[in-house]
Structure formats: structure tokens, C-alpha cells
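Below you'll find the structure, written out as C-alpha cells, and then a few comments.
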Amino acid sequence: MDERLKKYATQDVPRYTSYPTAVQFSNDFAPETWVDWLGALPEDASLSVYVHIPFCRQMCWYCGCHTTIPNTYERAATYTRRLLKEIALTAPMLKGPKGRVTHFHFGGGTPTYLAEDDLRAIVAKVRDLFGFAEGAEIAIEMDPRTFSREKAFALAEMGFNRGSFGVQDFNARVQELVNRIQPYEMVAECVKNLHDAGIEAVNFDLMYGLPGQTVDSVIETAKLAAGLRPDRIAVFGYAHVPWFKKHQKMIRDEDLPGIEERYEQAVAIGETLTANGYTAIGLDHYARDDDPMTTALHAGTLRRNFQGYTVDPADALVGFGCSAISSLPRGYAQSARDMAKWATRIEEGRLAIDRGIAITPEDRMRAEIIERLMCFLRVDPRAIAEKHGFDPAMLAASYEKLKPLEADGLCRVEEDGRVIVPEDRRLFVRTVCTAFDAHYQPRPQRHAKAV
Ligand code: SF4
């Protein structure tokens, strides 16, 4: 690892799945504001819908998601009933015809933890009250350990056309250390079942920085994963925050790779995937040449939202469920992260929104600069400032912040002001984005590590 990179690798930087980021959301946010924003959406606005299912069968020690392990299915059944109520409460607040949902995503947690009838009821409710657009993507995150051939066919029958598997690592010792045993053969069988059921689009998530991982072991996993030919592979670094996620105490510090090793693992996975026919996308995604995400990268239409990189061009993202985040042209909002609070609000017939932030015109301009950098590793900030009606001179402080980053090789600033992040510095693109982030405060434990 280049000596100059070390100080950046351990720096806490936002993931920039939004700007302003969730850290800036205010608790002093009235649900009525959210209702106003929903009502102000144009009648022809396209929609993306996200549903959060915060349940899993067993805890993976590395987990950083908002999830729980219920003792009985009763909790999930009750949660489903409340979700249906939340969807029904929200739908009348939007004006315009049905049939505008271009993307529908089930995340978690493990959405396939839900019984088939409950999943079916949620899909039917969104279809009835919002309606899917022609060719809509209907996607779901799945756990290979609880997936079956029957489930694959049931999902296809419900209309799902993309499935995402948390793979992380195929190495047996690593799987043992993170409490997630799912051999290669099991994942291969899941992919086959999904394809047999007619669900062609498959995503994998891989991880680096896990206990027991080495450069050689992650290369082996990346080769095996690429051999199964998923359409997209996302690669995430493990964030070890046991003071915040108590179950991570099950991971011993001495089993964790150091920062240089983490960096080498991330680079090795990227090199293995690109050598096996995948195109690198933004910070941490890889896609096959025939995948719409690769097309969107080349066409300049790739986007980034709360689910990460996406080809979803929707004007608004409406999230349902405990902790779900929504994004509207006028701002962002998040439902209560505390399950009891979320449940009480829904039972009372009220929306559960309890944090949020309005987007100012300057935020909107900076958001576009940051999103384009995150997606394409290059941006023309001055042109974007002018497009939004601002004097490009207002970005002088940002260009000043870029100087040390440029000196350390994280980016290049062209004479005309364009900013370019070299391909081999993509892991540090978020650090470059911080130069344009007017809210960023480099405080430890506020965001994830750069590497
Ligand atoms: S399956 Fe996913 S969400 Fe559930 S505990 Fe494991 S990592 Fe967390």
C-alpha cells in the first residue's frame, strides 16, 4: 500500500448514499412535513418503493444491519400486518395515477424470513395501491441458508425478477468465525433454483476485512463467485464497531486483518472480478457487460441511492417499515428505528416518520457533484454549479480542500476544474467527495472507514 494512502484508509467517511447524509437528519422533524412533500410530488412522478424486513433466523457476527432474531414467527406476522397498514396509510397521500413504481425492493434483515403468504400480501398491497410500471424491477434480498427451490418458484410467481444473495466469503473457516455456514454448493444450488424459476437477474454481496480472511482466500472466493456468473457483485468492507453492534464482540480483534491487509484484499477482489469479465462500477460494485448497470455506467445514467448503485431513475423513493429511509425531491425522511415506536405510531393510524432533512438548493447542487463522482469517478463541478444557478466561485473552498488529496494522488484537478479520481484510487472516492460536502466533520466513529 502506498504510504501516502494509509492516513486516508482509516479515515471515517460517509457512504454517500444520499447528500446530505443520514448523520445530518434532524430528530426535530414533523411527519406533517413529509406528508406535504408527498402531496407535492408531480402526478406523473415515477416511484421506487423500498420495504424493510428487520428479521433474520440467526445472527451473523459481522452484521451491521437493522435486524433482530425473533423467538417466534408471531412477531414477523404482526410486523407484516402493520406494514400493510403503513402502506395503506401512505398511498392516498400521493396524487396521480397508479402504475408508476419502476423499482420495488425488499431489504433487511432477511426478507425471505417472511412466510410466503405474508410476502405475497405485501407485494399485492403495493401492486393494488401503487401499481407497477411496465417492466418494473421487483427485487429481493435472500439468505442462501433459508432458500429453497419452492421459494424460488413462489417468488417468481409473485413477480420478482431480481434476487440478491449475501455470499460474503466461501472459505469454511471464515464462515465459522462469522457464524454463517453456507458452502459454495449451497449458493450454487440457490442460483440454479432462481434461474430455473425464471428469475434471471442475480446479485451477490461479498465482503473483505472479515476475521480469518487473507488475500489468497478472498481471491479464491471472488473466483468462485464470478464462476457462478451473477449479474452484479457488490463488495463491502467489514465495519468492526462492537461498541455499537454488541454481537460483533463475538469477533476477536486478533482474527481481524489490519488496514494494509484490508486494502490488499479489496484490491485483490476487484482485480479478480475484472479479470473474470466484470466491469468495475463506482466505489465497490462490479457488473457483467450485459447488465443494465454497465450500460448505465457507459451511458452516464447510473444513479446512487439508499440501496447503493442503481439504474433506477425514479423521481422519489418511498420506504416502508421500521427504520426505512425515503427520498423525495424536497428532502429525506426516516421512519422510527425503534420497533416499539414504529409499531405504536402505525397502530395509532399515524405515519412513523421521526427524522429527516429538507434539501436546500445548495445541497441539491452539491448532491449532484457528489453523486456523479461516486458513480463515474469524474465530475465537472463548475458546470454543475452553473446549471443550478450558482456562481462556480463558491466552490473555491472545495478546490482548496482537494489540493492535499491531489498531492497524495487521490484525484487530479484539470485546468478547466474537472475532478478525476484515477481508477486505482476508486476506494478513496468518498474521501474526494468530502471536499464538496459542506456538512462533513471528520469525527471518529461518525461514519464507516474509507477502506
Ligand atoms: S442475514 Fe444479513 S441481516 Fe441477517 S444477521 Fe446476517 S448479515 Fe445481518
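The values are calculated or read from the model by the stated rules, or taken from the named source; none is laboratory data. Only a predicted model underlies this, so the values are computations on that prediction, with no experimental measurement involved. Every residue, glycine as well, gets a Cβ built from its backbone with ideal geometry; the counts of neighbours run over all protein chains shown.
Out of curiosity, is HIS240 closer than 24 Å to GLU176 by Cα and either among the hydroxyl-bearing types (Ser, Thr, Tyr) or modelled with pLDDT of 95 or more (or both)?
Taking the combined requirement at face value, the residue does not satisfy it.
Out of everything in region 60-69 that is at pLDDT 95 or above and crowded, with 17+ Cβ neighbours inside 10 Å, what residue ends up being nearest to the chain's Cα centre (by Cα)?
CYS63
Among the listed residues ALA336, ALA340, ALA316, ALA299, identify the single one that is closer than 20 Å to ARG162 by Cβ and either in contact with a helix residue (DSSP H, G or I) (Cβ under 9 Å, 6 or more places away or on another chain) or hydrophobic (A, V, I, L, M, F, W, C) (or both).
Among ALA336, ALA340, ALA316, ALA299, only ALA299 is closer than 20 Å to ARG162 by Cβ and either in contact with a helix residue (DSSP H, G or I) (Cβ under 9 Å, 6 or more places away or on another chain) or hydrophobic (A, V, I, L, M, F, W, C) (or both).
If a residue must be aliphatic (A, V, I, L, M) and within 11 Å of the ligand (Cβ to nearest atom), how many such residues does region 43-63 contain?
Total meeting the criteria: 2.
Every residue, every condition in (1) closer than 23 Å to ASP312 by Cα; (2) hydrophobic (A, V, I, L, M, F, W, C); (3) without any contact (Cβ under 8 Å) to a residue 12 or more places away in the chain, yes or no:
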position: CYS56; (1), (2), (3): no, yes, no
position: HIS66; (1), (2), (3): no, no, no
position: ILE69; (1), (2), (3): no, yes, no
position: TYR79; (1), (2), (3): no, no, no
position: ARG82; (1), (2), (3): no, no, no
position: LEU89; (1), (2), (3): no, yes, no
position: VAL101; (1), (2), (3): yes, yes, no
position: GLY107; (1), (2), (3): yes, no, no
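Tally the residues that are touching a Gly at 6+ places or on another chain (Cβ under 8 Å) and away from the ligand (no atom under 16 Å from the Cβ), restricting the search to region 64-84.
Residues flagged as touching a Gly at 6+ places or on another chain (Cβ under 8 Å) and away from the ligand (no atom under 16 Å from the Cβ) within region 64-84 amount to 1.
Conditions tested, residue by residue: (1) within 25 Å of LEU283 (Cα to Cα); (2) in the same structural domain as PRO144 (by TED's automatic domain parsing).
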| position | (1), (2) |
| --- | --- |
| LYS6 | yes, no |
| TYR16 | yes, no |
| TRP37 | no, yes |
| ALA40 | no, yes |
| LEU47 | no, yes |
| CYS60 | yes, yes |
| HIS66 | yes, yes |
| ARG82 | no, yes |
| GLU86 | no, yes |
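Determine if region 71-89 includes at least one residue that is in contact with a Pro (Cβ under 9 Å, 6 or more places away or on another chain), at pLDDT 95 or above and among the aliphatic types (A, V, I, L, M).
yes
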